[in-house]
Amino acid sequence: MNIVLHWPEIPHNTGAIGRTCLMTGAALHLIHPLGFYLDEKSLRRSGLDYWHKLNVREYDSFAHFAEQNASGRFFFVETDGSVPYTQMAYAPGDYFIFGSETCGLPPALMEAFPQQIIRIPMIGDERSLNLSVSVGIVLYEALRQVGFGNYPAIPSTRMA
């Protein structure tokens, strides 16, 4: 699976998403501009000592990302999407694209891909879930649908 962050702004969210990607085998794609630095000093200061283990790819723009991944299936996760994320059928290698923490995804992207917009149902008056939480929700549903790939079996535990 592939997680794509379009203009992420908060390093700790990206760090948490990176850890989720590492633990699930997903690739992390970052579309610039970023709201933080990815140099070694900044990563170390943020406690991201696992960053070198991640499959991270960077792009100058969405057009650059789309060109490099033209054969992929894109799903845009946005609060005003019409289809709940649980109602789509996912396949290994799909790309889940999330917008920045304050702005979401640009309207032009939503207009260009109207059939591929999914949402996480929410109640309440708040803007949205935290970005790293949203990534985890969608990624684990996609992994559930594809049978968790080659993940090792988790031994069952019984309560006596």
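One table, with the values for the structure above:
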{"quantity": "Estimated inter-spin distance, residue 144 and residue 41, nm [label 7 Å along Cα→Cβ]", "calculated": "4.4 nm"}
{"quantity": "With DNA, RNA and ligands ignored, accessible area of residue 122 (1.4 Å probe; Å², nearest 10)", "calculated": "80 Å²"}
{"quantity": "Simple spin-label estimate for residue 82 and residue 122 in nanometres, 7 Å along Cα-Cβ", "calculated": "2.1 nm"}
{"quantity": "Sulfur and carbon atoms: percent of accessible area, the chain [1.4 Å]", "calculated": "54 percent"}
{"quantity": "Estimated translational D of the range 12-67 in µm²/s (Stokes, Kirkwood radius over Cα pairs; 37 °C; 0.692 mPa s)", "calculated": "277 µm²/s"}
{"quantity": "Rounded to the nearest 10 Å², the accessible area of residue 79 at probe 1.4 Å", "calculated": "70 Å²"}
{"quantity": "Highest-fluctuation residue, 26, 66, 108 considered, GNM on the chain with Cα pairs under 10 Å", "calculated": "108"}
{"quantity": "The range 69-122 - Debye-derived log10 I(q)/I(0), Cα point model, q = 0.15, 0.21, 0.25 Å⁻¹", "calculated": "-0.39, -0.77, -1.06"}
{"quantity": "Probe 1.4 Å, protein heavy atoms only - accessible area per residue of the chain in square angstrom", "calculated": "59 Å²"}
{"quantity": "Computed lengthening from residue 61 to residue 112, 0.36 nm per intervening residue step minus Cα-Cα distance", "calculated": "16.8 nm"}
{"quantity": "Where the Cα pairs of the chain fall when distances are cut into 10 Å bins, in %", "calculated": "10, 40, 35, 13, 2, 0"}
{"quantity": "Loop-located chymotrypsin sites (Phe, Trp or Tyr not before Pro) in the range 1-53 whose Cβ has at most 15 other Cβ within 10 Å (DSSP)", "calculated": "37, 50"}
{"quantity": "Among 125, 49, 80, residue whose mean-square fluctuation peaks in a GNM of the chain (springs only between Cα atoms under 10 Å)", "calculated": "125"}
{"quantity": "Accessible area, probe 1.4 Å, largest first, for residues 21, 103", "calculated": "103, 21"}
{"quantity": "Per DSSP, loop GluC sites (Glu not before Pro) in the range 82-136 with at most 13 further Cβ within 10 Å", "calculated": "126"}
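The values are calculated or read from the model by the stated rules, or taken from the named source; none is laboratory data. Values in this document were obtained by computation on a predicted structure and should not be read as measured data. Neighbour counts run over all protein chains shown; Cβ positions are idealised from the backbone, glycine included. Protein only, heavy atoms only, side chains kept; ligands, DNA and RNA dropped before computing areas. Shrake-Rupley method; radii C 1.70, N 1.55, O 1.52, S 1.80 Å.
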